[in-house]
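Right, one structure below, let's go through it.
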Amino acid sequence: MAINVNEVYTTVLSILNKEQRGYLTPYEFNKVATQVQLEIFESYFENLNQQLRLPENSSEYANRVKLLREKINYFETNGNLVVTLGAGDLSTLTTPLHRLGTIEYTNGNELPVTIQKTTRHDFNLVNRSKLTAPSLDWPIFYIEGDNIQIAPPINTTLGPMPPAQVVTVEYVRKPVDVEWVYTIGAVGQYVYDNVNSVDFEIDDVDQTELILKILAYAGVVVRDQEITQAAMSAALQQDQLEQS
């Protein structure tokens, strides 16, 4: 799945140097690479939305809906949310949390109950009505900033007796930042540190698009409009091919 960061960086440098276009420092590469990875990651959701509108393709290896879902599934994860007196703080999930999935409440050995998402306005209206008041069989929540408010109050800080209550958050995280780490060699050159470097997390089938988009940004960095236009044009053709 992962794309080796050194392979991408050396490829980009090779193309730039071959064309005598300039040089992209490790710092510049890391910033550009992280941004491009995020752009491609975001495109998974947009492309999936478009593909779902098209007639279904049942082919095993050419089903684009299936392939896009597999790419997104890699970033799906979950975590337990500590909630006290019905109010919980999502700050521990703020950094990786990108797209919220479902939130479930489990009381001991009972089957989990999905907590229904609502707006703050509807949350307040429901709580004011005796007929529609939420219960542990039908809990609700809304998110404001980094905080989540759940009703009725769910206390997950209980001990083992009675059984602890658990709120589980299913979500899609962002890819980690790319980093080409180096040490300084004997003659002052950059030496790749494969132990501490961080590879790309997006699918390896996107490596061509990844390199092209990095080259487009590299053209801006080295102030060469020609390489930016050429890379952007090639990347656009690649996008159209994948979506057609």
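How many residues does the stretch 106-132 contain that are modelled with pLDDT of 85 or more and in contact with a Pro (Cβ under 8 Å, 6 or more places away or on another chain)?
Selection size over the stretch 106-132: 4.
Could you identify the single residue in E170, E179, E226, E242 that is within 21 Å of the chain's Cα centre (by Cα), modelled with pLDDT under 65 and open to solvent by 50 Å² or more (accessible area, probe 1.4 Å)?
Working: E170 fails: modelled with pLDDT under 65; E179 fails: modelled with pLDDT under 65; E226 fails: within 21 Å of the chain's Cα centre (by Cα).
On inspection, the qualifying residue turns out to be E242.
The values are calculated or read from the model by the stated rules, or taken from the named source; none is laboratory data. Computed from a prediction, not measured in an experiment: that's the story for all the values here. When we count neighbours, we look across all protein chains shown, and the Cβ atoms used for this are built from the backbone with ideal geometry, even at glycine. All accessible areas refer to the heavy atoms of the entire protein, side chains included, with ligands and DNA or RNA removed. Shrake-Rupley method; radii C 1.70, N 1.55, O 1.52, S 1.80 Å.
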